[in-house]
Structure formats: C-alpha cells, structure tokens
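Some notes on the structure that comes next.
The values are calculated or read from the model by the stated rules, or taken from the named source; none is laboratory data. Quantities reported herein were computed from a predicted structural model and do not represent experimental measurements. Counting neighbours? That spans all protein chains shown, and the Cβs are built from the backbone with ideal geometry, glycine included.
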Protein chains: 2
Amino acid sequence: MEFGSFLVSLGTSAAIFVVLMLLFTWLSRKPGNVTIYYPNRIIKGLEPWEGTSLTRNPLAWMREAFTSSEQDIVNVSGVDTAVHFVFLSTVLGIFACSGLLLLPTLLPIAATDNNLKTRSKNATDTTSKGTFSQIDNLSMANITKRSPRLWAFLGAVYWISLVTYFFLWKAYKHVSTLRAQALMSTDVKPEQFAILVRDMPHPPDGQTQKEFIDSYFREIYPETFYRSLVVTENSKVNKIWEKLEGYKKKLARAEAINEATNNRPTNKTGMCGLVGKQVDSIEYYTELINESVAKLETEQKAVLAEKQQTAAIVFFNNRITAASAAQSLHCQMVDKWTVMEAPEPRQLIWKNLNIKLFGRIIRQYFIYFFVAVTILFYMIPIAFVSAITTLKNLQKIIPFIKPVVELTSVRTVLESFLPQIALLVFLAMLPKLLLFLSKAEGIPSQSHAIRAASGKYFYFSVFNVFIGVTLAGTLFNTVKDIAKNPKLDMVINLLATSLPKSATFFLTYVALKFFIGYGLELSRIIPLIIFHLKKKFLCKTEAEVKEAWYPGDLSYATRVPGDLLILTITFCYSVIAPLILVFGVTYFGLGWLVLRNQALKVYVPSYESYGRMWPHIHQRILAALFLFQVVMFGYLGAKTFFYTALVIPLIITSLIFGYVCRQKFYGGFEHTALEVACRELKQSPDLEEIFRAYIPHSLSTHKPDEHEFKGAMSRYQDFNAISAA
Amino acid sequence: MEFGSFLVSLGTSAAIFVVLMLLFTWLSRKPGNVTIYYPNRIIKGLEPWEGTSLTRNPLAWMREAFTSSEQDIVNVSGVDTAVHFVFLSTVLGIFACSGLLLLPTLLPIAATDNNLKTRSKNATDTTSKGTFSQIDNLSMANITKRSPRLWAFLGAVYWISLVTYFFLWKAYKHVSTLRAQALMSTDVKPEQFAILVRDMPHPPDGQTQKEFIDSYFREIYPETFYRSLVVTENSKVNKIWEKLEGYKKKLARAEAINEATNNRPTNKTGMCGLVGKQVDSIEYYTELINESVAKLETEQKAVLAEKQQTAAIVFFNNRITAASAAQSLHCQMVDKWTVMEAPEPRQLIWKNLNIKLFGRIIRQYFIYFFVAVTILFYMIPIAFVSAITTLKNLQKIIPFIKPVVELTSVRTVLESFLPQIALLVFLAMLPKLLLFLSKAEGIPSQSHAIRAASGKYFYFSVFNVFIGVTLAGTLFNTVKDIAKNPKLDMVINLLATSLPKSATFFLTYVALKFFIGYGLELSRIIPLIIFHLKKKFLCKTEAEVKEAWYPGDLSYATRVPGDLLILTITFCYSVIAPLILVFGVTYFGLGWLVLRNQALKVYVPSYESYGRMWPHIHQRILAALFLFQVVMFGYLGAKTFFYTALVIPLIITSLIFGYVCRQKFYGGFEHTALEVACRELKQSPDLEEIFRAYIPHSLSTHKPDEHEFKGAMSRYQDFNAISAA
C-alpha cells in the first residue's frame, strides 16, 4: 500500500469520526432519543440529564467521562465494567509509557539509516520485491543488518516488557482489591449464601434426591444449613411458560390496539396467524392464557415431584459457611458431590447443571479439539477472501464495476478499506458459534461461558488475523520448505521477516477500528434507526417499546478479544514500526472515553462476576507480550544481530512473572477468601427471599402468597419438629 | 553371563535364604532375643508370644502372617503399613495374573523359534557379538524378525496393561476406603482439630504475632476457634534442652554404675571426659542439670516472648471446621495466611514452618534442578564402578587376588555377584542425601518429606540402574551417533535393542534382592549382633538398653522405591523375557510374607499419614507401565513388526487412566473430605490436651501442673472476659 492511500484512509476515517461525534451531540439532545442515549439512567429511575450540562458543546460528554470516578462505575455498572476500564487504562498506560521513550529515540534512529534505499538500488538483491514507502523508512526495515543501531531496538524490547510487568502487577493488585471490596459489601446478595452442588450420587431407596441432599448437608452443617433447591428437568415447563408469556404479550398488544383504535382486533388461529378461523384476539388469548396457566400448574407439580436431577443449590444461613463450603471437598470420591460457588440466579445455565464431572471433562476436551481445528482451518476461507478482495481480482470477477473503480478517489478508498472490511465481516460471524460451543462444555454460569468464549475468540483472532494476514503474503512461497522440514525456529523466522511488510495494513486496521468502530459506538446510529423503525411500525404496548430500546450489556465476549487483538498487533509492531504506538494509544484512549460514556449512560450489565474476567485478560496480555518477545527474538535474529540471545532472559522472565501472578492472585478470583466473606451485613438476611431468587420463573407460582415450592423444598420445620421430639 | 553361573548364583542365594530362615527360627525362640524379634509387641505391653505357637516349626511365622487380617495391621501398625501391603499384594496380583497367561504361551512360542541359532551361524552378521544361553532361548531375542509370532507378544503387552489397570483401580478404591475409615475413627486425634497456618503478614503495630493471629481467626470463626500456638525460633532452647537430656542420661548412668558396683564413678570435666579435673560424676551432673534447668526456663520465656515467627498451629473445637478451614482460602492475597491440614505433632518439621510461600517454591525448583543434575551425572561413577568390578579388570588392578580368583567356585560366585553388589552399595549412599534435600524444600512434615525423597529415589534408580545398566553395554558404541543427531526415537530404539542383553543380569539382581534382602530382613542378624554388643559393653541403664533394641519404622523412603525398581524391571522384561515374572512374583510374595511378620512383631511406625503414600505409589506404578509400553513399542519396532503402532492406543490409555484416577481419587488424599470429618466422636475432646500435644519438648515446662505456656498461649479467657464486659 502506498503512503498516499494510507493518508487518505486515515483522513477519511477521522472525518467520519468527527461527523459521527457531531451527530451524537445533536441527536442525544433530542428528547425523543433519550431512551437510546440514556437508557441506563432511565432504567435506574434517574433523570437522563441530571448533573450533565445541556450546552451544545460537543465535548461535554468527554468532560463527564473524565470526571467520573471508579466508584461511580462500580455503582452504576458493577465491578465487571470497572475491571474493563482497568484493562483499558492499563494498556493505555503501557503504550503511553512505551511511546514516550520509544518514539523520540527509535524514529530518528530508523529514519537516518538507509537499508531500504540500498536494497532497492541493489538490483541483484531479488528477495526485496516489496515496494517501500515513507512509513517503512520509519521502521526497523530501514536498519541495515548487523548495525549497532539494533541495540536501541533491543533496549526498546526491554523497556516495553518492564513497563508491562509494572502496569500488570499494579492492575492485578488493584482489581483484586476491587473484587474484595465488592464481596465485602454489606448488602445481601443471594449468591453469597448459596453453593452449587453437582454430581450427586443416586439416593438410597425410598428417598428422593431432595431428601438425600438435605440429610447429607444437614449432617455436615447441622447449624448453618438452611435448605436446598434441587435442579429439575425444566424443558417442558419452560416451553409452556414461554407460550404463556407469549400469549400474555399478544393479549396486551390486542388490548392496546383496542384502546387506540376502539376496534376489537381479530386474528386467525392457524400457522403464523395466516390461515384458519378468524377469532376475536382478546377473547382468544384470554382463553389460551387460562388453559396454559392450568397446564403450567400441573406440569410444575410433575417437575418438582418426578424430574429432580443430580444437582442442587444449597443455601446456608451465613456467608462464611457458604464461602468455605464452596471450597471444601465433601466426598471422599472426588467425582461425587462436587461443589462450587453458586452463580447469580440470573446467570445460571440451568440445563448444564445435570451433566456429570467426567461428562463435562470429555465435552471440554472435545470442544477444545474442535475449536483448535476450526482455528487452524478458518485460515483457508480468510486467505481466499483476502485474495478475492484485492481490487484487481474483483475487477476480474465482477467486470462491470470497472468504470466505478477507475475513478481515482473511489479506487483509493476501496484499496485501503476492502481487505480490512472483508476481515471484519468475516470475524463477526464467529462469536455466536464460540459462545454456543462454550456453553456446550457444561459450564454452569453465563459469565463463565462468556469468559471461555472470549478466550477462544482471542486465540482465534490472533492466530488467524494477525499471524494469518502477516504470513499470507510470504507463506505460499515458503510453505513447501516448511512442509519438508517443519521446525519451530523456521516458523518464528518466517513470521519475523514477514512482519514489516504488513505494518501499514495493521496501522490502517487499527485506525479503522477506532475511528469507525468508536464513532458508531458513541453515536449509536444503528440502534437509533432500528428503535425508531420498530417504534413506528411494530410496537403497540409500553413493554414492547421498552424491549425495543433496551440497550443490552457491554458484550465482553467480543469486546475483550477485539481489544486484545489490537493490543497484540500493537505490541508486535511497537518496536518494528514504533509509529503504531500512537495508534495504540489513540485506540485505547478513545476507547476508554467512549466506553466511559456508554457505561455511565447506556449499557445495562446482564450479570456480575465480581471481576473474574481479569485473570483471563491478564493472562492474554502476557501471552501477547510473550508473542511480541518471541517475534522480536526472531526478527533481531533475521537481522543477524549478534546479541539477539539477550531477548531470552526476557522471555523467561515473562513466564516467571505469569507464574508468580497466578500464585499470588488467582486463588482470590477462583474462590471467595474467608477474610472477605466474614464481614458484617447491614441487616440480617431474609433467607426465604434468597431462596426464592433461585426459583426459575417457570416454576414460581403465580399467586404471590403461595411460595411453597413443595417437592423441592426442604422440610426444615418438619425435621426440627422430629429432632425436638 | 553363562547359564551355569546364573544357576549357581540362584542356588547360592536360595541356600543362604534357607540358612537365614532356620537361624531366625532358632534365634527368635531364645528369650534373650525377644526384644529383637518382638519389640513391637513389647512396646505395646503385649506378651511376645501371645497367640503364637511355640513349636520349632520353621514355617509357623508364615502361618501367622497369612492368617492376620488387614484390620490387624491397621491396629498394630497403622494405615500407612496397611497401604504398603495393598501395594505389595496389588503388584503380586498383577504379576501372578500376567504370569498365569503369559508363561504357558510365550515360553513355548519363543523356545520353538530359532533366531539366535541362525544369527550365530551366520558369520557375516557382525552385530550379534553377544553370547547367548539357554535363558535367551526362552526370550523374545529368539524370535525372528517380522515373524507372525510377534502377535502373541503384542497381545501380551495388552494383557499385562489391562490387568494392571484393573488391579490399580481396585487398589486405589480400597486404599481410599481405608483412609476414609481411619479418618472417621471415633478416637480423638490432635491433628484432626488443628490446621497449620503459614505466611502470616507482619502484625500491626502494638500487636504481637500471637495476638494478630488470634484476632484474625476469631473474626472468621467466632464460635469454633479454640486457640493458637505460634511457631517460635527454637534452635537455642533446643540446644539447652538436648544438653539437659544428655546430663540426665549421664546422671542415670552414673547412678546405675554406683548401684551395681557400689563405687562412686568419676569423670574428667574436659573434652570428651579425657582431660581436666577429676570429679564425682553424680554430684557433677546433678549440678549441671540444675544449672541447665534454670537456663532452660529463662530461654523458654525469651523464646515465647521474643522469637515468635510467621507460622502457627490453630486449633478448633471440632473436626469439621478444622477440615474445612484447611481447604479454604483465607486471604484475598493467596501468598498470605496460607493454610493446610496440621501434620501429626511428632512429624512436624518445626524449622521449616517459617519459610515463606515463594521461598518454598524457589527452594523446590532449585532442588528439583539439583536432583535432576545428580540423576544425570550419577551415571558416570556407576559406569566407572561397573567397569572396574568385572573380574578381569579387578585382576589387573589388584593382581594379588589372582590365585583366589582362579578357584573355579570362588570365581563363579564372584562373577555372578560382583557387579550387583557394587550397584547395591552405591545405591545405599543416596537416600540420606535425598531426604536431606527434600527437607530443604521447606516441607512441613516428616511423612511428606519422605514421600518426596522416595519419589526422587525412584526416578533416580529407574534412570540410573535400569536404563543405565541396560545401556552401559551398547551406549559407548552409539553415543557418538546420538550426540550427532539426538532424537527420542533413537534413544527408545537403543534402549529396546539393548534390553535383552541385560535380561540375565536383572534376573540375578532380583533374585539376589529377595533371597539375601528378605533373608536378612527376617533374621535381623545385624540388629541382633549390634544389640548384643551394645548391651554387653555400653548400656548401663534400662533406658539405654531400650534405645539399643528400639526397632525403628519400615523406612518407606528406601523400601518403596526399591520395590518400585524391581517392579519396573519386571514390567519391562515381562514380555521380552517372561521368565522374570516368576522372579517378580517370588519377590513380592516373599516380601509380603516377611514384611507381614515384621510389621506385626518388629517395626514401630514413626508417623501416620493415613495412606497419603498411595497416590505416589500409584503414579509410579503407572509410570513404570508407561515405560514398559514405550520400550515394547521400541522393541517391537526393532523387530520390524508391522503392527507395532497398535501399542500406541495402549500408551494413550495409560495417560487417560492416570488422569481419571487422579480426578476421581486424589482430592480425597490431598484433603479430608467433610463427609468423613463429620462423624461423631466417642467422647468430647479434651482441647487442652490436644493443644499441649503440639508444644515441643523443649518448651513444655517440667512441672506437670504448670502448662501455661504463657507468651504463645491464646488469652482466650481474657478475651471472653473483655467481650462479656
């Protein structure tokens, strides 16, 4: 890519960003859009503009973002969001600190050498076919082999690594404190009083699963056991309940239409309301609801009596016992009565709870294998796509676009963006698949499944996007050599030598992501349009309108690996083409700012995992650093720098650093430390309410005074009566 | 080695064994030797011959051994000993079951082939320089390359593996039950009420370590915390106490002499009682004792007040809380307030308790590295020794033994035994070093250190004895090739091809170990002689006599790896030279029998770890099986057998089997399961007594009514008084 088209793409992106930001300023002031730009506040019952200035200053939102404290974020959006900001600011810190030292030193060192000129003059050197631009002059590609200038670049690797260790250590400590504080909270949280028990053996004859678990835990915790909630097979009752809810919505809708038009709506009873008898909607749905309620009640009783499974939530009357019980081995045979901290009620993946320990392990390994294969072979369609989307190829395939393409401006823009857009589209298809696979592992909670999916996505994107794109150019020439004699050092060497050629591609990729990505994020153009369309044509009831603007959460499953990919790219190019640090700083700085706004005003978290995402992020930042060090080892080696081996101590240090961090901090994220769980509560907890929080919607009765939940309820009182007698 | 000398060595060993057994029958009936042959019973206060027949039948002890039940062993010698018998009988079962099928099938198949004859006839085949004997005719060496007979040997590998899985699974389950039963015991055991806390942070200003720990645990366990015992720096007080004990012994000795001879003994005050002033011993030592007692009391106070360290034993008033506390994370920072189950008081390694977590980790890795280096380079002196100890070389070095050596009988015996004896002597030097290293890792309990040492010794002996001896012959020819191009498959191949040549060596080695080893073990000739010498010339007091006959424990640190080495050897030759199965069965059968006698009548266990040795044994049996499978893969490959790859599924199965066993059982050995800890006790525990059990001798006061242990004692009463006020 030439320098001109690079500047054009940068300029275009920046212009689009400015337009989107202005659009945001304008649109967000309109009262009709308040549910799109301040949904978080509306749900919390706050005044949307409370405390914010109403001036048309387009930078007002920035000031608000800057002045908000971490505690504000925790209060509004929970610990997980606060941890995400720690992530953004940590990476920002790493890149800023690195850039401050590296840009003023490395750029002049690179610019004043003349490797590229020499090479292009030297006609016998057939290996350097690549064109070079002004950008390449500022990169390590311009350094002559064996040059003593390489010392500076080696030093840069050290500097970046040390800065990273420092910031990561500080961040882990900080997040650990955040988590501890949240867990120490004096508020009653149901999940802190419960544990999840799985792999229960078959009960002895004459006992139900429920009685068995009660007697088991009452023996171990005679004073602190409260009651248990046996997991049941709910697929049928869930279906009935969903139908019932559907009918209720339709009834509400029919009533709303009736009210608005004074015209009783009708519908057909057949498939999709298109065929069958014409009936009065309100009567029809009322009848269906009554039928379903009766069915639901019968099925609820059947579920509780007959469909008890081998898992349960067990409740204790204090937090310490629950925290300690979740960490203790209960059964001499480790694959029976396994325990763990109960996830929040809203994030329990109910249907995974019955899967047995070895079933989970087998599923996990099977899925790891499947994902590994996917990662390896997803490269093939990507390579195919990026081959097609070069302009010349497109012209061959779709000849009629030729006249359009030959306009210089269009051509330049297309040339800069096409491959990147193809890549982005391709990547957007994957997350759902990975989340589905992660849930199929048998993971019991939503947040854990999202962490697992996010991890897979990270490895996927690093392997396919970064390594894939980098190697794509050179791979086909050398693939035969590698196939003949596959050796790790050859792969590293290959990666290292092809890196500089892709530098400009990635500069553009990062710029595209932050200008367009964050521009769209901030302006919320797409949700806005969808909302207005829905509101106009579809929504009839208040509930439907609310559903249309409900913002959802920050969607860590794709956001975190996306950011980590940028991080990996920036790391790997930070010394080879230090200019990328500027882009990295902009990406994470802008990201912090925009997301701060969105976290405060837009998104509503859908779960709280008390920062358990952090160890994953930490580990992957380190993995990126590790990759960077390995690549630099290869690249310095390719420059035949004599002291390349000095990178090795750094690689070992990274491994030790990761090990020490894991030893020191990870346990506190895996379990709740007892010193944290033993804090006093504001008020004594309502255990019955905690218990009820875990009853699935489809099983809770509809009459509010009847929360007996008979079959699965602990006969606590009965037992006490017997033991007293 | 020729067949003749093999038979001679076998015969000699068997004869020695019979002689030793008869000696045992004769000596053990003499009342003066009762303390050597029945010390266990004497210490327990039982009649030595109670329930045993007094006939001179030399096989009576065998009947007694056979009729004793596992429960007898647990009662007399504890779970650890019972687990050792499970180990012996499991291996016995594996070899017996394998032998029953393999001997009748493989031996004829091997004997009727004629590879060796063909090869020795074939003069052009220069690679087969080795002599072959009748034994080799019964081994796989006699099978022609590519022969379909190899199918039988492949089948044998499968049979042995399946038998091993079956027996190991059964044994792990059984040991797990044994452990659970022992932990469920209704007796009060101090270690079940305590946890060991390490890595305590610095106390806040104005608090002692002791006050800090009390307040920390009282907050987490307000109702179940009893008190704590802070670990102190005892080196100085220990020295004073040891001196005091020495003086007491000398005083008792002087008084005994005085009584016996009516002659007041005197001694000199200088070095070793050889120089200095002549004094009356009784007066002199009485005075020294009084001095030391005063010193001890001063130092005790100083230790408790000033030398508190960052570790403690914390006591709870019930077993469940202690078991649960030992498994729970207490501090958000994982490297602070680390907890584990308290070891028994008698096996605490007091001086290791103060070492910090990362200190322990660093020590561990450093020692692993050091041991790995030792293992690798111990081979050099061993190779040197076995080169020297061949008879020809000995004649060259020490020419004057020539006439002796030329006597045919002497020559044959020496030729058969010399290398093996050299090996045994060499190996005997190592265990102390390994135990010392294991303790230096910072391990807090004796039993754990012994497990660690035993593991190291196993890897050492397999690597050096088995692989070392096997390769020694062929290594020097091929070492250059390997050095040029080191590849794993080459090493395996080399190992596989050199195995058959050493078969006879190992047959002799195993026979030597069981005939001579168990003969000496049973007859206790050496302890008997030492005891009688000591009694005659040294012992004056009753305590000194008891010290002279005190039998010690089974010494697992060397016994287990020794047995595992035999197991490894037998496994690896089981298919190549199936005759070794007979020797393996004899070794473990005889071992079971002799040790049963020793466990019931002789040895006194020095600790109880509730069978925690088993996972180590299990893992190493599997490792031996794994090595066997790999070797067979190599050997079948060396025979250019086309279906050699069929061994690979077996190797993978071994890995999966190990993983599943670990998942299912290991947790129950690592921690105490709560369902086990929650059983009722026979009587409510005397917590004060439990607490006192952990006070080291040197710190307990000498007046029995004064157990206050001030500085390090919890001010439980004070605290209650304050909080009640």
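Just a yes or no: is a residue in segment B:356-372 at pLDDT 90 or above and in a loop (DSSP other than H, G, I, E, B)? Among the residues of segment B:356-372, at least one is at pLDDT 90 or above and in a loop (DSSP other than H, G, I, E, B), which makes the answer yes. The set of residues in segment B:539-570 being assigned to a helix (DSSP H, G or I) and of a type in the set (Gly, Ala, Ser) consists of B:Ala543, B:Ala548, B:Ala557, B:Gly562. Exactly one residue out of B:Ala180, B:Ala252 is buried (at least 16 other Cβ atoms within 10 Å of the Cβ), under 26 Å from B:Val79 (Cβ atoms) and either in contact with a helix residue (DSSP H, G or I) (Cβ under 7 Å, 6 or more places away or on another chain) or within 12 Å of chain A (Cβ to nearest Cβ) (or both), and it is B:Ala180.
Of all the numbered requirements in (1) within 14 Å of chain A (Cβ to nearest Cβ); (2) surrounded by 15 or more Cβ atoms within 10 Å (Cβ to Cβ), B:Phe633 misses one, and that requirement is (1).
Could you tell me which residue of segment A:204-227 is nearest to the other protein chains (Cβ to nearest Cβ), considering only residues that are closer than 24 Å to A:Asn318 by Cα and of a type in the set (Asp, Glu)? Out of the qualifying residues, it is A:Glu219.
Could you tell me which of the residues B:Val339, B:Val334 is under 27 Å from B:Glu211 (Cα atoms), in a strand (DSSP E or B) and within 14 Å of chain A (Cβ to nearest Cβ)? Walk me through it before giving the result.
Values: B:Val334 fails: in a strand (DSSP E or B).
Of the residues listed, the single one that is under 27 Å from B:Glu211 (Cα atoms), in a strand (DSSP E or B) and within 14 Å of chain A (Cβ to nearest Cβ) is B:Val339.
Please determine whether any residue of segment A:228-238 is more than 14 Å from chain B (Cβ to nearest Cβ) and among the charged types (D, E, K, R). Yes; the residues of segment A:228-238 include at least one that is more than 14 Å from chain B (Cβ to nearest Cβ) and among the charged types (D, E, K, R). Out of the residues in segment B:669-697 that are within 14 Å of another protein chain (Cβ to nearest Cβ) and small (Gly, Ala, Ser), state the one that is farthest from B:Ala322 (Cα to Cα). That would be B:Ala673.
Residue count for segment B:257-301, restricted to those that are free of Cβ contacts under 8 Å to residues at least 40 places away in the same chain, over 19 Å from B:Lys540 (Cα atoms) and small (Gly, Ala, Ser): 3. Does B:Ile652 satisfy the criteria of being more than 14 Å from chain A (Cβ to nearest Cβ), farther than 30 Å from B:Leu522 by Cβ, part of a helix (DSSP H, G or I) and modelled with pLDDT of 90 or more? Criteria not met by B:Ile652. Looking at segment A:577-585, is at least one residue among the small types (Gly, Ala, Ser) and over 21 Å from the mean Cα position of the chain (by Cα)? Yes: segment A:577-585 contains one or more residues that are among the small types (Gly, Ala, Ser) and over 21 Å from the mean Cα position of the chain (by Cα). With respect to the conditions (1) crowded, with 22+ Cβ neighbours inside 10 Å; (2) under 30 Å from B:Phe665 (Cα atoms); (3) aliphatic (A, V, I, L, M); (4) more than 14 Å from chain A (Cβ to nearest Cβ), B:Val188 falls short on a single one, namely (1).
Of all residues in segment A:514-531, those being more than 12 Å from A:Ser9 (Cβ to Cβ) and in contact (Cβ under 8 Å) with a residue 40 or more places away in the chain number 12. The set of residues in segment B:282-315 being more than 29 Å from B:Pro190 (Cα to Cα) and β-branched (Val, Ile, Thr) consists of B:Ile282, B:Thr286, B:Ile289. Just one of the listed residues (B:Asn262, B:Asn234, B:Asn267) is surrounded by 14 or more Cβ atoms within 10 Å (Cβ to Cβ) and modelled with pLDDT under 85, and it is B:Asn267.
Checking each residue in segment B:151-169 for being more than 14 Å from chain A (Cβ to nearest Cβ) and over 17 Å from B:Cys572 (Cβ atoms) picks out B:Trp151, B:Ala152, B:Gly155, B:Leu162, B:Tyr165, B:Phe166, B:Phe167, B:Leu168. The residue of segment A:355-367 that is surrounded by the fewest Cβ atoms within 10 Å (Cβ to Cβ), among those that are within 14 Å of chain B (Cβ to nearest Cβ) and closer than 25 Å to A:Phe460 by Cβ, is A:Tyr365. Here B:Asn317, B:Asn352 are screened, and the one residue that is closer than 25 Å to A:Ala326 by Cα, in contact (Cβ under 8 Å) with a residue 12 or more places away in the chain and either of a type in the set (S, T, N, Q) or more than 14 Å from chain A (Cβ to nearest Cβ) (or both) is B:Asn317. Filtering segment A:598-614 to residues that are crowded, with 21+ Cβ neighbours inside 10 Å and of a type in the set (A, V, I, L, M) leaves A:Ala599, A:Leu600, A:Val602, A:Met613.
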